[in-house]
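For reference, the structure discussed in these notes is given below.
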Amino acid sequence: MICSADINAARLLKRLDDFAAIGATPAGGVNRAALGRQDQAARALLAGLALERGFRVFQDPLANLFIRRDGKNGSLAPFLIGSHLDSQPTGGRYDGALGTLAAFEVLEALEDAGLETEASIEVVAWTNEEGSRFAPGAMGSMAFSLGHIPQNWQDIRGTDGVFWRDALAETLAALPVAEQRPLGFPISGYLELHIEQGPSLENEDIPIGIVTGVQGTRWLDITVTGQAAHAGTTQLAFRRDPMMAVTHALHTLYETIMPEDGDARLTVGRITALPGSVNAIPGSVSLSIDLRHPQSDRLDKIEAQVSEAFQSSVAPHGCKADIRRTFDMSPARFFQPVIEGVERAARHLRLRFKHMVSGAFHDALYVARIAPAAMIFVPCRDGLSHNEAEYVEPDHCVAGARMLLQSALEVISAGAGKH
């Protein structure tokens, strides 16, 4: 469809600057911990801007923030666009914020043009996507998709010792202008604009990524147990060294899993040797492994490879291995008619694009469980994210916002948000 509305580039870029000042760090990034004072300030600023334009503002029991521009048919479920406003402790100014502020710019552009949509469009700023203060991440979208708040979240403490339930109550109370609404109301679909957080779009000089899904993730905790002994007196034949077993297993895995499958990801994020003395052979070595792949069956095989590598490595070294799966998230495939609407938008705007699978978690992963969803990526410099040096070219910010506007209209007009 031809859209008479257009993004106000100067307004969008100024908004990005204004929000980056909330929780600004000396190195040019942002620190807006979820449910903290800076996060509350960003939410209040967005709500104030919405009320100035005559939009309605809501929040649900998880403090997910919604801004509604009414459509012609109030009986239709709204179409959601948005992202999040919280950040990593030394995060960048675009991760989450670009998607949220571009979504708000979509509402303003429609309002400026006086363009009515059949269904209402709502901007959402999801709560605690990052998970850096309170774990797990993506709490807002996860609870929205479940339709309730998991009971075991009540006693979660943040990295600062604050109870999650107390921070949530404070955040809800800090925005009295927002109307209250239930958690998990019906929606017709969802689109999220985000920076790629990887280098492929920039390296290929492609301005738009159309995200077809999110790869699956499994986390393993592995402990290899041997025997602590003196580093100087224990000969090789008498050592039961778990570090030798671990390094042998990891060498095998690093040489096979990713080199043999370009879609596979294996990361060792933590490793600890105990008792941790410079002159003692460790008695145990514990490590975490993050496995990712867009196909469930391949993820099964990769996990089996990890188990086999460790079990094969421990016996020759007189050790034993305990392997526990601590997290399992299945791959998500986004809704094909919504993807096709985004493709039409890119062609209408004459923007080159490529199809991509997201390697990172996003709120769209959870929303896709209850409604048709898809994502749009724009390039970031050097693929750098979760870093104060994170940067997106102004032209790419604006192109992403234009894609979000055109894509939302394409999807709504085609009725592609309907199951």
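The values are calculated or read from the model by the stated rules, or taken from the named source; none is laboratory data. None of the values given here were measured: they were computed from a predicted structure. Here the Cβ is made from the backbone with ideal geometry for all residues, glycine too, and neighbour counts use every protein chain on show.
Can you run down the residue pairs with Cβ atoms below 9 Å, 6 or more apart or on separate chains, where the first is in region 144-157 and among the charged types (D, E, K, R) and the partner is part of a helix (DSSP H, G or I) and surrounded by 11 or more Cβ atoms within 10 Å (Cβ to Cβ)?
Sorted first by the residue in region 144-157, then by its partner, the pairs are ASP155/TRP164; ASP155/ARG165; ARG157/TRP164.
Can you give me the number of residues within region 289-326 that are in contact with a His (Cβ under 7 Å, 6 or more places away or on another chain) and over 17 Å from TRP219 (Cβ atoms)? Before you say what the answer is, go through the steps one by one.
Pass one, region 289-326, residues in contact with a His (Cβ under 7 Å, 6 or more places away or on another chain): 299, 302, 313.
If we keep only those that are over 17 Å from TRP219 (Cβ atoms) too, we end up with 313.
Residues that pass the stated criteria total 1.
Starting from residues that are more than 30 Å from MET139 (Cβ to Cβ) and in contact with a Phe, Trp or Tyr (Cβ under 8 Å, 6 or more places away or on another chain), keep the ones in region 334-362 and report whichever is surrounded by the most Cβ atoms within 10 Å (Cβ to Cβ).
Here the residue is ALA346.
Return yes when ALA97 is in the same structural domain as PRO186 (by TED's automatic domain parsing), buried (at least 24 other Cβ atoms within 10 Å of the Cβ), within 19 Å of LEU76 (Cβ to Cβ) and out of contact with any His (no Cβ under 6 Å at 6 or more places or on another chain) and no when it is not.
Numbers: in the same structural domain as PRO186 (by TED's automatic domain parsing): yes; buried (at least 24 other Cβ atoms within 10 Å of the Cβ): yes; within 19 Å of LEU76 (Cβ to Cβ): no; out of contact with any His (no Cβ under 6 Å at 6 or more places or on another chain): yes.
In short, no.
Which of the residues that make up region 69-102 are in a loop (DSSP other than H, G, I, E, B), over 12 Å from the mean Cα position of the chain (by Cα) and of a type in the set (A, V, I, L, M, F, W, C)?
Filtering region 69-102 down to residues in a loop (DSSP other than H, G, I, E, B) leaves 70-78, 85-90, 92-96.
Filter again for over 12 Å from the mean Cα position of the chain (by Cα), leaving 70-78, 89-90, 92-94.
LEU76, ALA77, listed by residue number.
Which one is farthest from ALA125 (Cα to Cα), of the residues in region 27-60 that are touching a residue at least 40 places away in the same chain (Cβ under 8 Å) and in contact with a Gly (Cβ under 6 Å, 6 or more places away or on another chain)?
Within region 27-60, the match that is farthest from ALA125 (Cα to Cα) is GLY29.
Would you pick out the residues in region 72-129 that are among the aromatic types (Phe, Trp, Tyr) and over 22 Å from LEU62 (Cβ atoms)? Working first, answer last.
As a first pass, look at region 72-129 and keep what is among the aromatic types (Phe, Trp, Tyr): 79, 94, 104, 126.
If the condition is that a residue be among the aromatic types (Phe, Trp, Tyr) and over 22 Å from LEU62 (Cβ atoms), then TYR94 is the only one that fits.
Conditions tested, residue by residue: (1) touching a strand residue (DSSP E or B) at 6+ places or on another chain (Cβ under 9 Å); (2) under 29 Å from PRO372 (Cα atoms).
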| residue | (1), (2) |
| --- | --- |
| ALA167 | no, no |
| GLU170 | no, no |
| ILE206 | yes, yes |
| GLN235 | no, no |
| ARG270 | yes, no |
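How many residues are among the aromatic types (Phe, Trp, Tyr) and over 24 Å from ALA135 (Cα atoms) when one looks only at region 349-406?
Narrowing region 349-406 to residues among the aromatic types (Phe, Trp, Tyr): 353, 361, 366, 377, 391.
Applying the additional criterion that residues be over 24 Å from ALA135 (Cα atoms) yields 353, 377, 391.
Adding up the residues that qualify gives 3.
Within region 351-393, track down each residue that is part of a loop (DSSP other than H, G, I, E, B), in contact (Cβ under 8 Å) with a residue 60 or more places away in the chain and not hydrophobic (A, V, I, L, M, F, W, C). If you could, list the steps in order and put the result at the bottom.
Step one: list which residues in region 351-393 are part of a loop (DSSP other than H, G, I, E, B), which gives 351-352, 359-362, 368-372, 379-380, 384-393.
Next cut, in contact (Cβ under 8 Å) with a residue 60 or more places away in the chain only: 351-352, 359-362, 368-372, 379-380, 384-392.
Hits for region 351-393 are ARG352, GLY359, HIS362, ARG369, PRO372, PRO379, SER385, HIS386, ASN387, GLU388, GLU390, TYR391.
Looking only at region 319-373, which residues are over 18 Å from the mean Cα position of the chain (by Cα) and among the charged types (D, E, K, R)?
Matches in region 319-373: LYS320, ASP322, ARG324, ARG325, GLU340, GLU343, ARG344, ARG347, ARG350, ARG352, LYS354.
How about region 61-93: which of its residues are among the small types (Gly, Ala, Ser) and either in contact with a Ser or Thr (Cβ under 9 Å, 6 or more places away or on another chain) or closer than 9 Å to TRP126 by Cα (or both)?
Here is the first cut: in region 61-93, the ones among the small types (Gly, Ala, Ser) are 63, 71, 74-75, 77, 82-83, 87, 91-92.
Once the filter is applied, which keeps residues that are among the small types (Gly, Ala, Ser) and either in contact with a Ser or Thr (Cβ under 9 Å, 6 or more places away or on another chain) or closer than 9 Å to TRP126 by Cα (or both), region 61-93 yields ALA63, GLY71, GLY74, ALA77, GLY82, SER83, SER87, GLY91, GLY92.
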